[in-house]
1. Can you name the residue in segment 102-142 that is of a type in the set (Asp, Glu) and within 26 Å of MET238 (Cβ to Cβ) and is also surrounded by the most Cβ atoms within 10 Å (Cβ to Cβ) among such residues?
2. Give me the pairs, please: first residue somewhere in segment 373-387 and under 18 Å from GLN279 (Cβ atoms), second residue anywhere and open to solvent by less than 50 Å² (accessible area, probe 1.4 Å) and acidic (Asp, Glu), beta-carbon distance under 8 Å, and either six or more positions apart or on two chains.
3. Tally time: how many residues in segment 365-382 are open to solvent by less than 10 Å² (accessible area, probe 1.4 Å) and assigned to a loop (DSSP other than H, G, I, E, B)?
4. For segment 254-261, does any single residue satisfy the condition of being free of Cβ contacts under 8 Å to residues at least 40 places away in the same chain and closer than 30 Å to PRO407 by Cα?
5. Looking at (1) open to solvent by 40 Å² or more (accessible area, probe 1.4 Å); (2) under 22 Å from PHE354 (Cβ atoms), which one does TYR90 not meet, given that it meets all the others?
6. Which one is nearest to SER50 (Cα to Cα) among residues in segment 277-312 that are aliphatic (A, V, I, L, M) and touching a strand residue (DSSP E or B) at 6+ places or on another chain (Cβ under 7 Å)?
7. Would you point out which residue out of ASP396, ASP341 is of a type in the set (Asp, Glu) and either modelled with pLDDT of 95 or more or closer than 29 Å to PRO126 by Cα (or both)?
Amino acid sequence: MTHAPAGATDETIPEFPMPRAAGCPFAPPPELMRLHAEQPVSQVRLWDGSTPWLITRYDDQRALYGDKRLSVDPRHTGFPHFSAAFQQAYSQMPPSFLNMDDPDHARIRRMVTAPFTIKRIEAMRPAVQRMTDEFIDAMLAGPNPVDLVEALALPLPSLVICELLGVPYEDHEFFQSKSKVGVRRDASLEESHAASGALLAYLDEQLQAKLADPADDMLSDLAARIQAGDLTRQEAAMLGLLLLGAGHETTANMIALGVLTLMEHPDQLAVVRDTDDPQVLAGAVEEMLRFLTVVHNGQRRVALDDIEIGGRVIRAGEGVIIPGATGNWEPDRFPDPERLDLRRDARRHMAFGFGIHQCLGQPLARLELQVVYGTLFRRVPNLHRATELEKIPFKDDGVVYGVYELPVTW
């Protein structure tokens, strides 16, 4: 049973997720920001009628990210699922470490952290730079205007994660199409189950090939873990699925949405276009991550015990949603948060989450964004939209925010 805040009724509990304001595609929904200002701990209504708690204040969010009384396991009763398809998928698929609590989460995460250390990711910078230049070369040699999503934003992170994992890049259209289903909130149960099943079968085939003929890549490392008895084959396939999907989907959206954001803020675009200072680029990426917060429907948890936060009590079995955008747009933490300021110190943002479940691949995402933003506008300084902003299709229907298409010209 949920416990509504004083004065709340079934009629006054707002629906979540909330729509963005017309003409303001980069700002969080105004109703969400109103709740943040007036009721930073409140209840919202989901698609299934459940009323989980929405925690919007930065300090409360960080506290809950580290609270072991909250679980990320979607099999718990009361977990606030994104949709019926997600709920069904979680009930039928084996768990991934993304949805495990410690100690299982820590056991599996330790097995895949080495390739994502800052030192090893930084060693990939020349290769990522070469790939970026090659995609831009092809774009400039092709039709004008062009869809930047197809020309650069999607293929670059796809190629990078393929090389890191050891997956053939020629299969990218297959796994991209299946991954898109996995992050669509409106996908049917049948579509979601078929897409995840096809991807798991694909990863299992790749692992089988690595068991027979290992190489210097992450899937071969996972295959070695299977042989050593550290991972089951099912756990390894789920890990591969998570890394393959998360390794390109979120970064691709951040590239395209970030490029559009910069084109709409020419004074800030000049910061990345005119600098050769890697520290300036690194800082600019942190501000872009804060400003956009592309995981826009909140991190989901469920309480295992009663938790007092912000003057309210979350009861055991009640769901919790942590929308990163509100913490990242909190004026006390980031003055004038609605202003994109690429020289701002935004390093304490929570675009990658916080605590033990924060994004494993964040060093790789940062590297790719630094290279893309620092290269694209230097090489194509007059890049601009090829259509009206109102005609660009935004991904309001997905777990990850972005654009489906971005027509650009030069």
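The values are calculated or read from the model by the stated rules, or taken from the named source; none is laboratory data. This is a predicted model, so every value here is computed, not measured. So basically every Cβ, Gly included, is an ideal-geometry build from the backbone, and we count neighbours across all protein chains shown. The area values use the complete protein model at the heavy-atom level, side chains included, leaving out ligands, DNA and RNA. Shrake-Rupley method; radii C 1.70, N 1.55, O 1.52, S 1.80 Å.
1. Within segment 102-142, the subset of a type in the set (Asp, Glu) is 102, 104, 122, 133-134, 137.
The next check asks that each one be within 26 Å of MET238 (Cβ to Cβ); those that pass are 102, 104.
Working: ASP102: 11, ASP104: 13.
Once the filter is applied, the top-ranked residue is ASP104.
2. Listed by first residue and then by second, the contacts come to THR375/ASP133.
3. Qualifying residue count, segment 365-382: 1.
4. Filtering segment 254-261 for residues free of Cβ contacts under 8 Å to residues at least 40 places away in the same chain gives none.
There is no residue in segment 254-261 that is free of Cβ contacts under 8 Å to residues at least 40 places away in the same chain and closer than 30 Å to PRO407 by Cα.
5. The number of the failed condition is (2).
6. Taking segment 277-312 and keeping what is aliphatic (A, V, I, L, M), we get 280-282, 284-285, 288-289, 292, 294-295, 302-304, 307, 309.
When the remaining residues are screened for being touching a strand residue (DSSP E or B) at 6+ places or on another chain (Cβ under 7 Å), the result is 294-295, 302-304, 307, 309.
On the way: VAL294: 24, VAL295: 21, VAL302: 12, ALA303: 14, LEU304: 17, ILE307: 19, ILE309: 20 Å.
Checked segment 277-312; the qualifying residue nearest to SER50 (Cα to Cα) is VAL302.
7. Details: ASP396 fails: either modelled with pLDDT of 95 or more or closer than 29 Å to PRO126 by Cα (or both).
The unique qualifying residue is ASP341.
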